[in-house]
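The values are calculated or read from the model by the stated rules, or taken from the named source; none is laboratory data. Since the model is a prediction, treat every value here as computed from it, not as a measurement. Reconstructed Cβ throughout: ideal geometry from the backbone, glycine too, with neighbour counts over all protein chains shown. To get the accessible areas, we keep the full protein, side chains included, count just its heavy atoms, and leave off ligands, DNA and RNA. Shrake-Rupley method; radii C 1.70, N 1.55, O 1.52, S 1.80 Å.
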Amino acid sequence: MKEITFTADKKIKVIAELASYLDSLDVGKQYVITVEEKKKKRSLDANAYCWELLGKLASRLHESKTEIYRSYIKEIGGNSELVCVKNEAAERLCSAWERNGIGWLTDTFKSKLEGCTNVILYYGSSVYDQGQMNRLINLIVQDCEIFGIETKDPEELERLVKEWGCE
């Protein structure tokens, strides 16, 4: 796979680089070219802090930090898709989706359409934007405060989330 990074004002340079790359491809095979906006990489600090707090909650509650994390995923909102699939495809879809990571969850319920199942596909935090990450961390912080677990001050939390940088 070849990645070419460019700005819209450098079209001629991009065309030349792309043409050079295309010359190296196997004749007769089909290829896909995708152009998307480059986004700033997310801060691992927010993610690391999230898992640090989850570890403290897990210790206090005597539960798995993975299970605690998964319970929050379904609560933050704006991080799921609802799809309707044939009954025989639902289990395969859920299994494939959940292989994306520990926060990639599914729920199923009967569809009004005969022979179909509704599947809610929850995205894990690795693809969250700033707002979603903010809601996730705030939920975790609220529970930490309930259980007397020390957290960063609000200004530091805001800085961590702003560095998430996925907007």
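For the range 115-134, does any single residue satisfy the condition of being among the polar types (S, T, N, Q), closer than 29 Å to ASP45 by Cβ and touching a strand residue (DSSP E or B) at 6+ places or on another chain (Cβ under 6 Å)?
There is no residue in the range 115-134 that is among the polar types (S, T, N, Q), closer than 29 Å to ASP45 by Cβ and touching a strand residue (DSSP E or B) at 6+ places or on another chain (Cβ under 6 Å).
Could you grab me the full set of residues in the range 52-67 that are over 15 Å from GLY101 (Cα atoms) and either in a helix (DSSP H, G or I) or open to solvent by 80 Å² or more (accessible area, probe 1.4 Å) (or both)?
GLU52, LEU53, LEU54, GLY55, LYS56, LEU57, ALA58, SER59, ARG60, LEU61, HIS62, GLU63
If I filter the range 27-43 for residues that are surrounded by fewer than 13 Cβ atoms within 10 Å (Cβ to Cβ) and among the aromatic types (Phe, Trp, Tyr), do I get at least one hit?
yes
Show the residue pairs meeting these rules: Cβ distance below 9 Å; 6+ apart or different chains; first residue within the range 15-35 and closer than 14 Å to MET1 by Cα; second residue among the hydroxyl-bearing types (Ser, Thr, Tyr) and open to solvent by 90 Å² or more (accessible area, probe 1.4 Å).
Cβ pairs passing all conditions: LEU22/TYR31; LEU25/TYR31.
It is to be established whether one or more residues within the range 4-19 are open to solvent by less than 80 Å² (accessible area, probe 1.4 Å), assigned to a helix (DSSP H, G or I), out of contact with any Cys (no Cβ under 6 Å at 6 or more places or on another chain) and not aliphatic (A, V, I, L, M).
Yes: one or more hits.
Return yes when TYR49 is open to solvent by less than 60 Å² (accessible area, probe 1.4 Å), assigned to a helix (DSSP H, G or I) and modelled with pLDDT of 95 or more and no when it is not.
Against the criterion (open to solvent by less than 60 Å² (accessible area, probe 1.4 Å), assigned to a helix (DSSP H, G or I) and modelled with pLDDT of 95 or more), TYR49 does not qualify.
In the range 68-84, which residues are loosely packed, with under 15 Cβ neighbours inside 10 Å and either of a type in the set (Lys, Arg) or in contact with a Phe, Trp or Tyr (Cβ under 7 Å, 6 or more places away or on another chain) (or both)?
The answer is LYS74, and nothing else.
Against the condition within 26 Å of GLU36 (Cβ to Cβ) and in contact with a Phe, Trp or Tyr (Cβ under 6 Å, 6 or more places away or on another chain), how does SER126 come out, does it pass?
So SER126 fails the test.
Name the residues in the range 139-157 that are within 19 Å of SER71 (Cα to Cα) and either touching a strand residue (DSSP E or B) at 6+ places or on another chain (Cβ under 9 Å) or touching a residue at least 24 places away in the same chain (Cβ under 8 Å) (or both), would you?
Selection gives LEU139, ILE140, VAL141, ASP143, CYS144, PHE147, ILE149.
A quick yes/no check of all residues on (1) open to solvent by 60 Å² or more (accessible area, probe 1.4 Å); (2) over 16 Å from the mean Cα position of the chain (by Cα); (3) farther than 24 Å from SER71 by Cβ:
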site	(1), (2), (3)
LYS86	yes, yes, yes
GLU98	yes, no, no
LYS112	yes, yes, yes
ASN118	no, yes, no
GLY124	no, no, no
GLN130	no, no, no
ARG159	yes, yes, yes
LYS162	yes, yes, yes
